[in-house]
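Inspection log for the structure reproduced underneath, given as structure tokens.
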């Protein structure tokens, strides 16, 4: 699916940001949008973890990860098996182990409204990435 966009609710601790993300956006761009929404630096590896249509766990990894089946700079949001209600995890900074819980709240196949990722709502205070 390349047309349209999804509204994704992203939660980390007590903060939630809702992003409108076009289906033709690469997951590498989605990673940057999530990090920007919570004022995190973009200087660590990450992976997206979700279940495919058969219920099997799949991962899409940062472009610099050597072992992977799918890479975030090669896969778009629309190439994931997305549907309303789908959940997935954006796992960032494997040392500090940040896990952003993501849920597809709304999906449309109509294009044009969002041509790039945009934060459309925020609730709560984003946690500090570093404590020093």
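The values are calculated or read from the model by the stated rules, or taken from the named source; none is laboratory data. Source: prediction; values computed, not measured. Reconstructed Cβ throughout: ideal geometry from the backbone, glycine too, with neighbour counts over all protein chains shown.
Only one of 111, 78 is in contact (Cβ under 8 Å) with a residue 60 or more places away in the chain, part of a helix (DSSP H, G or I), under 19 Å from residue 5 (Cα atoms) and out of contact with any strand residue (DSSP E or B) (no Cβ under 7 Å at 6 or more places or on another chain). Can you tell me which?
Numbers: 111 fails: part of a helix (DSSP H, G or I).
On inspection, the qualifying residue turns out to be 78.
I'd like the full set of residues that are modelled with pLDDT of 95 or more and surrounded by fewer than 18 Cβ atoms within 10 Å (Cβ to Cβ), limited to region 1-12.
9, 11
Here is a yes/no grid of residues against (1) closer than 19 Å to residue 48 by Cβ; (2) at pLDDT 95 or above; (3) surrounded by 12 or more Cβ atoms within 10 Å (Cβ to Cβ); (4) touching a helix residue (DSSP H, G or I) at 6+ places or on another chain (Cβ under 7 Å):
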{"site": "82", "(1), (2), (3), (4)": "yes, no, yes, no"}
{"site": "90", "(1), (2), (3), (4)": "yes, yes, yes, yes"}
{"site": "110", "(1), (2), (3), (4)": "no, no, no, no"}
{"site": "123", "(1), (2), (3), (4)": "no, yes, no, no"}
{"site": "130", "(1), (2), (3), (4)": "no, no, no, no"}
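Every residue, every condition in (1) in contact with a strand residue (DSSP E or B) (Cβ under 8 Å, 6 or more places away or on another chain); (2) farther than 29 Å from residue 131 by Cα, yes or no:
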position: 12; (1), (2): yes, no
position: 29; (1), (2): no, no
position: 43; (1), (2): no, no
position: 52; (1), (2): yes, yes
position: 55; (1), (2): no, yes
position: 62; (1), (2): yes, no
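Looking at residue 131 and the list (1) outside any loop (DSSP other than H, G, I, E, B); (2) free of Cβ contacts under 8 Å to residues at least 24 places away in the same chain, which single condition is not satisfied?
Condition not satisfied by residue 131: (1).
Being buried (at least 18 other Cβ atoms within 10 Å of the Cβ), in a loop (DSSP other than H, G, I, E, B) and in contact (Cβ under 8 Å) with a residue 60 or more places away in the chain is the filter here, so list the residues in region 24-69 that pass it.
25, 38, 40
Quick one: is residue 19 surrounded by 21 or more Cβ atoms within 10 Å (Cβ to Cβ) and assigned to a helix (DSSP H, G or I)? Outline the logic, then answer.
Numbers: surrounded by 21 or more Cβ atoms within 10 Å (Cβ to Cβ): yes; assigned to a helix (DSSP H, G or I): no.
Here the answer is no, as residue 19 does not meet what is asked.
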